[in-house]
Amino acid sequence: MKISKEHAEHYIWGKQCDGWHLVKNNELSIIHERMPANTTEVCHYHHQAQQFFFVLSGIATMEIGEDRIILLPHEGVEVPPFQPHQVRNDSQEDVEFLVVSQPNSSGDRTPI
């Protein structure tokens, strides 16, 4: 079945960030997310899920452990389980990206 963010299940996270579930089952999650300028998520890690972040547009800053990684459009980074991480938008424009989690990270998030 064809899916797009216009027809996907939508949710709001943080104060003003958007997420659209493109794939949502126990084994795999693919979410299209949008973060407005100067927003951030809480630093956290997952016990089970490995994740892959892939920037579609804008510039994302990933804090992974002690490393800071700047992701430009069409760049991505993998985050293994137990690795503290945080995505931020330090720019003045929206950033849109995909988050792929295997297995699904729902209920598998530990804030730091």
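The values are calculated or read from the model by the stated rules, or taken from the named source; none is laboratory data. Just so you know, these numbers come straight off a predicted model, no measurement behind them. Positions of Cβ are backbone-derived with ideal geometry, glycine not excepted, and every protein chain shown enters the neighbour counts. Remember, those area values only see protein heavy atoms, side chains included, never the ligands or the DNA or RNA. Shrake-Rupley method; radii C 1.70, N 1.55, O 1.52, S 1.80 Å.
Look through region 37-48, keep the residues that are closer than 15 Å to Met62 by Cα and not β-branched (Val, Ile, Thr), and return whichever of them is most open to solvent (accessible area, probe 1.4 Å).
Across region 37-48, the extreme among qualifying residues is Asn38.
Collect the residues in region 71-84 that are part of a strand (DSSP E or B) and either out of contact with any His (no Cβ under 7 Å at 6 or more places or on another chain) or over 15 Å from Val100 (Cβ atoms) (or both), keeping them in residue-number order. Step through it out loud before you land on a result.
So in region 71-84, the residues part of a strand (DSSP E or B) come out as 71, 76-79.
Answer for region 71-84, where residues must be part of a strand (DSSP E or B) and either out of contact with any His (no Cβ under 7 Å at 6 or more places or on another chain) or over 15 Å from Val100 (Cβ atoms) (or both): Leu71, Gly76, Val77, Glu78.
Among the listed residues His32, His10, which satisfies the condition of being open to solvent by 60 Å² or more (accessible area, probe 1.4 Å) and touching a Phe, Trp or Tyr at 6+ places or on another chain (Cβ under 9 Å)? Walk me through how you get there before you give the answer.
Numbers: His32 fails: open to solvent by 60 Å² or more (accessible area, probe 1.4 Å).
Matching residue, one of His32, His10: His10.
Would you point out the residue of region 56-74, among those that are among the small types (Gly, Ala, Ser) and within 15 Å of Glu41 (Cα to Cα), that is modelled with the lowest pLDDT?
Gly65
State which residue is least open to solvent (accessible area, probe 1.4 Å) when the search covers only region 49-59 and only residues that are over 10 Å from the mean Cα position of the chain (by Cα) and aliphatic (A, V, I, L, M). Full working, then the answer.
Kept after step one, since they are over 10 Å from the mean Cα position of the chain (by Cα), are these residues of region 49-59: 49-50, 56-59.
Okay, now just the ones that are also aliphatic (A, V, I, L, M), so 49, 56, 59.
On the way: Ala49: 1, Leu56: 61, Ile59: 76 Å².
Per the stated criteria, the residue is Ala49.
Could you tell me whether any residue of region 101-110 is under 17 Å from Thr39 (Cα atoms), open to solvent by 20 Å² or more (accessible area, probe 1.4 Å) and either assigned to a strand (DSSP E or B) or out of contact with any His (no Cβ under 9 Å at 6 or more places or on another chain) (or both)? Quick ask: steps written out before the conclusion?
Step one: of region 101-110, the residues under 17 Å from Thr39 (Cα atoms) are none.
The answer is no; no qualifying residue exists.
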